[in-house]
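Single-structure report; data block below.
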Amino acid sequence: MKFTLGWLKEHLETEASLEQITDKLTMLGLEVDSVHNPAEALAPFRVAYVIEAKQHPNADRLRVCRVQTADGEIQVVCGAPNARTGMKAVFAPEGSYVPGTGITLKATEIRGEASSGMLVSERELELSDDHDGIIDLSASDPAVGTPFAKVMGLDDPIIEIGLTPNRGDCAGIRGIARDLAAAGLGVLKPAPYSQSVPGSFVSPIGVHLEAGDACPMFVGRYIRGVKNGPSPAWLQRRLKAIGLRPISALVDITNYFTFDRARPLHVFDADKVHGDIHVRFGKPGEMLEALDGRTYTADETMCMIADEKLGEAFGGIMGGEPSGCSEETVNVFVESAWFDPVRTAATGRKLGIHSDARYRFERGVDPQSLASGAEAAAQMITELCGGEASEPVIAGQEPAWKRSFGFRPERVAQLTGVSVDKAEARQTLEALGFTWQEGCQGIAVAPPSWRPDVHGEADLVEEVIRVHGYDAIPIVPLPRLSSLPQPAMTEQQARRPRARRALAGRGLLEAVTFSFLPKAQAAKFGGGENKLTVANPISEDLNQMRPSILPNLLDAAVRNRNFGQRSGGLFEVGPQYRDPSAGGQDLMASGIRWGQTGPRHWAEAPRTVDAFDAKADVLAALEAAGAPVANAQVAAEAPGWYHPGQSGSIRLGKVVLATFGALHPAILRDYDIDAAAVGFECFLDNIPVPRAKGGKSRSLLKVEPLLPVERDFAFLVAADVSADALARAARQADKTMITEVSVFDVYTGKGVPEGQKSLAVSVTYQPRGATLTDEQIEALGAKVVAAVAKATGGVLRG
């Protein structure tokens with residue numbers, strides 16, 4: 001939101017400096033993004049009088065000028081064809097920087113004549129592209145030495161603030177002035193152009209509302225006999241200062257009130273409107289050529305302003321070219337309406353139109369400004385363009401906005417730590433336009449019509465404290481809850497960074513993707529249901545909450561492959577969604593690998609990634625996040641987007657900790673990936689929280705001095721028995737003495753009966769206190785064989 005200091009002072013009577021104003025705006029929550037004072041760049045340039053301009057003796061196209069400046073008489077050699085005796089021009093003295101040329105002036109000699117300084121053109125000051133001659137100020141006849149910026153009205157600083165979406169009232173300069181006045185930086189003046197314009201005839205154009213809540217109220221004025229042309233210089237300067245291009249008086253007036261009052265208006269050429277105005281929904285396939293020169297297609301969800309024949313404008317967004325005003329316009333119809341914020345935002349996103357009107361309507365325009373906006377427009381149009389106004393045309397009624405909330409002054413101190421007395425709180429709220437009423441049931445405060453963002457007592461407290469000053473909030477340390485330092489994060493909170501570090505340590509690159517994806521993609525990963533469809537998506541192809549992170553990572557992999565990354569790995573730690581409830585999302589650590597395990601190398605050839613790479617990744621993430629990986633079971637079960645024969649899940653009982661495996665060939669075809677790709681999904685929220693030890697200190701680390709003993713076993717088991725199940729059974733044979741079991745061989749073929757396989761494991765025994773005897777080793781081996789036979793039906797291979 002841009003405005004000039006002079007424009008602000010039309011609404012605010014203040015003696016405050018520019019710095020005081022900008023500081024106060026930021027403290028009020030209207031953060032100042034930038035301040036630009038064009039007068040600073042134009043400071044060296046001042047009005048001068050050309051005493052004499054004579055032909056250069058040694059050049060046909062140059063003139064030697066004697067110039068009277070504020071510092072005395074100076075000779076300047078000038079090549080402008082319009083340089084003449086007796087004119088007022090703009091002089092740049094020696095040492096000035098000329099922005100249009102990038103040159104710093106210095107005294108010189110041109111064709112034998114001394115020249116000091118320069119008489120400049122508009123192009124050289126970057127005011128326009130005009131460089132046919134020097135600037136001629138003879139018509140206005142300013143005094144010699146007057147700053148050029150002051151003569152041209154370019155000495156008005158431009159302030160830009162960053163508005164939060166809830167402060168639509170400050171999308172108008174009057175709202176900003178109101179906040180500053182409430183903060184004690186001046187007095188709010190009566191609004192300009194606030195007089196009523198009496199109507200002298202009945203409007204020949206009526207208004208019919210047919211779009212329900214999309215446009216509950218419409219006020220119009222018919223003005224006949226106007227003369228459209230360029231707007232006055234003061235209005236053009238203001239619009240140019242904030243980055244708008246002056247078009248014509250009628251259009252410039254509507255733009256003026258959009259920024260002055262946050263009250264978007266539209267002016268129709270009444271002679272181009274066929275019959276009455278109808279506010280209705282668009283028709284499927286209906287086309288409209290808008291004022292930006294582009295043609296848009298409407299649908300039945302969009303609010304349109306139409307006449308008896310066709311659509312004339314998108315309500316709250318942009319007008320149409322067919323009924324636009326031109327120099328030939330004689331009769332106009334002024335629109336001042338209220339459009340639903342949500343529908344306006346949705347329509348603007350569908351059409352891809354970003355307009356000043358949409359910016360304000362989607363944030364909420366004052367519903368009480370319809371009549372006053374139409375009156376202000378009628379007053380300014382008749383003043384600048386002449387004409388005669390009709391009686392107002394009013395259709396519908398204001399949307400409901402009145403509400404009130406209980407307010408307890410002591411809540412300011414309770415919520416902010418700052419004591420603000422009742423009288424100050426009342427004065428602040430009333431200065432902001434709130435209504436204060438005290439009764440037997442306490443204090444009731446009603447927000448004004450231009451503050452739809454206030455929803456309760458806490459919002460009222462915020463209004464009081466932001467005007468009182470956020471800098472008044474005391475800086476106090478947090479109370480120490482224990483004599484010993486406590487962890488900054490809970491176990492659940494620490495899982496995210498631990499998993500992230502573990503996956504990054506395994507060579508995967510972290511990605512951050514949208515929480516949305518196309519509905520068609522969601523359906524392939526367990527989603528696609530309407531309950532996860534976004535009501536107001538940022539884009540039509542991002543219309544559903546993601547049921548899995550994998551599809552977004554696959555999209556990223558495709559982009560990387562298109563840029564030549566034929567192999568790689570990505571991961572993301574973030575939420576995925578099951579349903580829209582508060583508990584319907586899961587914190588995930590998900591990742592993918594594609595292509596080869598690494599680049600070509602002389603010591604080791606790379607191989608194609610497989611399910612075991614994904615398993616290793618997910619086990620690393622689980623272990624880092626604190627999962628009891630040693631107690632987890634691996635099952636050959638995974639969702640449908642994994643390859644059914646090359647995938648699995650890691651569980652604790654019935655709780656799924658993770659899924660992993662090669663991605664289904666159909667998924668890879670859908671994403672046009674012609675290389676191997678594997679993925680994993682780790683459910684960080686499913687990891688159990690370690691139980692508290694009841695205050696017991698951690699036991700001392702005891703290192704056994706005796707060397708461990710290793711024994712190998714080979715078992716014949718059924719082909720469907722997992723290696724994990726056998727290793728787990730062997731480990732359970734003696735939890736005290738057996739410290740490790742690892743599978744080192746899987747064999748099928750000659751010597752192994754059909755339907756069976758040979759699994760070989762290495763079992764490590766750790767002696768406790770004394771060296772193991774042969775009899776003890778044999779006994780432990782017998783325990784291992786018995787435990788495996790009981791759990792898997794396996795027998796020791798001869």
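The values are calculated or read from the model by the stated rules, or taken from the named source; none is laboratory data. All values reported here derive from a predicted model rather than from experimental measurement. Please note: Cβ atoms are built from the backbone with ideal geometry, for glycine as well, and neighbour counts cover all protein chains shown. For the accessible areas, the whole protein counts, side chains as well, though only heavy atoms, and no ligand, DNA or RNA atoms are used. Shrake-Rupley method; radii C 1.70, N 1.55, O 1.52, S 1.80 Å.
Sum -39500 (n - 2.57) across every DSSP H segment of at least 4 residues in the chain, then divide by the residue count to get the 222 nm mean residue ellipticity, nearest 500.
Counting only the DSSP helices, I get -7000 deg cm²/dmol.
What's the carbon and sulfur percent of the stretch 709-796's accessible surface, probe 1.4 angstrom, rounded to a whole number?
The C+S portion of the solvent-accessible surface of the stretch 709-796 is 52 percent.
Pick out, from Ala374, Leu235, Thr347, the residue whose Cα sits farthest towards the positive end of the charge dipole of the stretch 207-396, with +1 on the Cβ of Lys and Arg and -1 on the Cβ of Asp and Glu.
Leu235
Net charge within 14 Å of Leu185 by Cβ-Cβ distance, Lys/Arg positive one each and Asp/Glu negative one each, not counting Leu185 itself?
0
Using the Karplus equation 6.51 cos²θ - 1.76 cosθ + 1.60 (θ = phi - 60°), what ³J(HN,Hα) coupling, rounded to whole Hz, does each residue of the stretch 248-256 give in order, writing x for Gly and Pro?
The phi angles translate into 7, 4, 5, 5, 5, 5, 5, 5, 4 Hz.
May I ask for the percentage of alpha-carbon pairs in the stretch 491-686 that lie more than 22 Å from each other?
Cα-Cα pairs of the stretch 491-686 separated by over 22 Å account for 46 percent.
Shape verdict for the stretch 40-151, please, from the Cα gyration tensor: rounded (a/c under 1.5), prolate (a/b greater than b/c) or oblate.
rounded
Over the stretch 709-796, what is the relative contact order in whole percent, taking alpha-carbon pairs under 8 Å and six or more residues apart?
The value is 44 percent.
Count neighbours as other Cβ atoms within 10 Å of each site's Cβ, and list the trypsin sites (Lys or Arg not before Pro) in the stretch 236-314 that are DSSP loop with at most 13 such neighbours.
Arg294, Lys309
All other residues with a Cβ under 15 Å from the Cβ of Val202 taken together, and with Lys, Arg as +1 and Asp, Glu as -1, what is their net charge? Don't jump to the answer; show the numbers that get you there.
Working: positive: Arg221, Arg224; negative: Asp276, Glu388, Glu391.
The answer is -1.
Express in Å², to the nearest 10, the accessible area of Thr748 obtained by rolling a 1.4 Å probe over the protein heavy atoms while all chains stay in place.
Rounded to the nearest 10, that gives 90 Å².
Quick one: net charge around Gly86, please, counting Lys, Arg +1 and Asp, Glu -1 for every other residue with C-beta under 12 Å from its C-beta.
Neighbour charge sum, excluding Gly86 itself: 0.
Please give the Cα centre distance for the stretch 283-319 versus the stretch 579-609, rounded to the nearest Å.
A separation of 48 Å, based on Cα centres.
Highest first, please rank the peptides 183-196, 548-561 by the mean number of other Cβ atoms sitting within 10 Å of their residues.
Highest to lowest by the protection proxy: 548-561, 183-196.
Taking the square root of 5 times each eigenvalue of the Cα gyration tensor, what semi-axes in Å does the equivalent ellipsoid of the chain have, largest first?
73, 36, 31
Any idea of the accessible area per residue across the chain, 1.4 Å probe, to the nearest Å²?
Heavy-atom SASA per residue in the chain reads 50 Å².
If you roll a 1.4 Å probe over the stretch 384-515 with all protein chains in place, what percent of the accessible area is carbon or sulfur? Walk me through the numbers on the way to the answer.
Numbers: 4330 of 8050 Å².
So the carbon and sulfur contribution to the accessible surface is 54 percent.
Past 26 Å, Cα to Cα: identify those pairs from Lys350/Lys402; Lys189/Lys240; Lys240/Lys283; Lys402/Lys422; Lys283/Lys531, in the order given.
Lys350/Lys402; Lys240/Lys283; Lys283/Lys531, as the Cα separations exceed 26 Å there.
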